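I am attaching a structure below and will ask some questions about it afterwards.
The values are calculated or read from the model by the stated rules, or taken from the named source; none is laboratory data. Model, not experiment: these values are computed from the prediction. Ideal geometry is used to build each Cβ from the backbone, glycine not excepted, and the neighbour counts take in all protein chains shown. Protein only, heavy atoms only, side chains kept; ligands, DNA and RNA dropped before computing areas. Shrake-Rupley method; radii C 1.70, N 1.55, O 1.52, S 1.80 Å.
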Amino acid sequence: MLRRLLFGVALAAGLSAPASAETVTILMEGVPDTEYVKTLVPEFTKETGIEVNLEVVNYAEMHTKLVPQLVAGKGSYSALVVDFYWVGEFTKAGWLLPLDERIATDKFDTSVYVPKMMDLVGKVDGVTYMLPFYNYAMGLLYRKDLLADAKNQADFKAKYGMDLGVPKTWDEYLKQVVFFTKDGMHGVVNQGLRPDPIAMEWSNYLFANGGEYHDANWKATLNTEAGVKAVEQYATNIAKYGPLGAASFSFDEAFNVMAQGKAYSYITYNFFRAGIDDPSKSSVVGNVEIMAVPGPTPEQGGSLNGAWGWAIPKSSPNPDAAWTFLKWVESHEIAKKRALQGGSPTRTDVFDDPEVNAKYPYSQALKQMLLTSHNFPVFTYTPQLVEVLGRELSLAVAGEKSPADALATVETEMTELATKDGKIK
């Protein structure tokens, strides 16, 4: 691991100040990880002489602001942060600079990244276009105090003939959902709003049943036993074991139910783990933990991956200065500082850092979540697929379509999009 002395030597060698002051301008989403970067930017300017201008907007504005800059011969953004939703579009359009030559020249070690991160927001067709920035993989929040309760343990054993504990498989977890729906408590709270919340959350149900979106040749594999079971289970959890209105909940509404102590479990983005221990937001501080979504066997995980990556557009006015910033912000030292503030790492050496683990004891659970996670389909039409999936899942949950019919429609439209993109010949 790099310590301050080694880091200073690296900066002297690879981040020397330019002859004249430059400014690196980056468009970023208004999220906590952006704020953590912002607090550290003065260090970069002091060490390199390069000013950094972070233009922070909400997610809905980003794509609209980026595209005109990306198609221009010379834009105003030196570097970008790219959601995995846009990776296929941006790389196919040729808007991003390959980074492999710079990585090799500066001996920047990309092997430290979680492999699934590099698959999602790192490499495309063997070419490195991004350095993973932060992850938003999904995991299972659960009430550890309810699992430890002696009466619950005895009652669960009597009902199911098995010990009550941290669920090792998806089937065991579903039994717990049923068991804890009692006395005003919901076994689960879902975020069923269409299109994005339901599409992302349901993906965990698909993977937990051993399903996938497509095979190696991009043939859709949704309308299968695993896919149908996933829709049935999702609809049942909303209708029977969750709070009224969950079919239209987004992240905040679902989190509030969990934070008020009214649900045993909640599948959501890992950054909600910190919020559940915030006394100003939560009445269950110290009673909730996070884990990878269980899979069909103890060895398999069911979590959906998610991440943003750093990239340099071909329209960058100063790509060299942008790369200087990227390799600094993604160095172990700075990635660790971001993690200690509460950021979501993408580097295994940050997850394994003793200081990070001391401050956040659940760091290893988050690392395991990423190592066993599954990626959503990444291609030019990822956003369109999310729209289709959200629409059809909502119809199935409402009972307006059977699970098989809904998934058949998703498969048909996914195949059309994949064919249009050249994934299917």
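Looking at Tyr59, Tyr85, can you tell me which residue is hydroxyl-bearing (Ser, Thr, Tyr), loosely packed, with under 13 Cβ neighbours inside 10 Å and touching a residue at least 12 places away in the same chain (Cβ under 8 Å)?
Tyr59
Continuing with this model, one more query. Cβ-Cβ under 6 Å, sequence separation 6+ or interchain: first residue in the range 198-215 and at negative phi, partner among the charged types (D, E, K, R) and surrounded by fewer than 24 Cβ atoms within 10 Å (Cβ to Cβ). Which pairs?
Within 6 Å, the pairs are Asn209/Lys229.
Hey, among Pro98, Pro132, which residue is touching a residue at least 24 places away in the same chain (Cβ under 8 Å), under 28 Å from the mean Cα position of the chain (by Cα) and open to solvent by 30 Å² or more (accessible area, probe 1.4 Å)?
Exactly one residue qualifies, and that residue is Pro98.
Out of contact with any Pro (no Cβ under 6 Å at 6 or more places or on another chain), surrounded by 17 or more Cβ atoms within 10 Å (Cβ to Cβ) and modelled with pLDDT of 95 or more: is that true of Ala79 in this structure?
yes
Same structure, new question: State all residues of the range 101-129 that are under 14 Å from Leu326 (Cβ atoms) and either surrounded by 12 or more Cβ atoms within 10 Å (Cβ to Cβ) or charged (D, E, K, R) (or both); if no residue qualifies, say none.
Result: Glu101, Arg102, Ile103, Asp106, Phe108, Asp109, Thr110, Tyr113, Val121, Gly122, Thr128, Tyr129.
Now for a separate question. Considering the range 163-195 alone, what residues qualify as being free of Cβ contacts under 8 Å to residues at least 40 places away in the same chain and open to solvent by less than 60 Å² (accessible area, probe 1.4 Å)?
Across the range 163-195, the qualifying residues are Leu164, Gly165, Lys175, Phe179.
Could you list all residues from the range 6-29 that are farther than 16 Å from Ile50 by Cα and either at pLDDT below 50 or loosely packed, with under 13 Cβ neighbours inside 10 Å (or both)?
Answer for the range 6-29, where residues must be farther than 16 Å from Ile50 by Cα and either at pLDDT below 50 or loosely packed, with under 13 Cβ neighbours inside 10 Å (or both): Leu6, Phe7, Gly8, Val9, Ala10.
Scan the range 350-359 and give yes if some residue there is open to solvent by less than 40 Å² (accessible area, probe 1.4 Å), at pLDDT 95 or above and not in a helix (DSSP H, G or I), otherwise no.
So far as the range 350-359 goes, yes, one or more of its residues are open to solvent by less than 40 Å² (accessible area, probe 1.4 Å), at pLDDT 95 or above and not in a helix (DSSP H, G or I).
Which number in (1) within 30 Å of Thr169 (Cβ to Cβ); (2) touching a Phe, Trp or Tyr at 6+ places or on another chain (Cβ under 8 Å) marks the one condition that Met369 misses?
Result: Met369 fails condition (2) only.
May I ask you to list the residues in the range 172-220 that are part of a helix (DSSP H, G or I), under 19 Å from the mean Cα position of the chain (by Cα) and not small (Gly, Ala, Ser)?
Result: Asp196, Pro197, Ile198, Met200, Glu201, Trp202, Asn204, Tyr205, Leu206, Phe207.
Give me a count of the residues in the range 196-215 that are open to solvent by 20 Å² or more (accessible area, probe 1.4 Å) and within 22 Å of Glu299 (Cα to Cα).
5
Return only the number of the condition from (1) over 20 Å from Tyr269 (Cβ atoms); (2) charged (D, E, K, R); (3) in a helix (DSSP H, G or I) that Lys401 does not satisfy.
All conditions pass for Lys401, except number (3).
For the range 295-324, give me each residue that is within 23 Å of the chain's Cα centre (by Cα), in contact (Cβ under 8 Å) with a residue 12 or more places away in the chain and more than 21 Å from Leu120 (Cα to Cα).
Result: Pro296, Thr297, Pro298.
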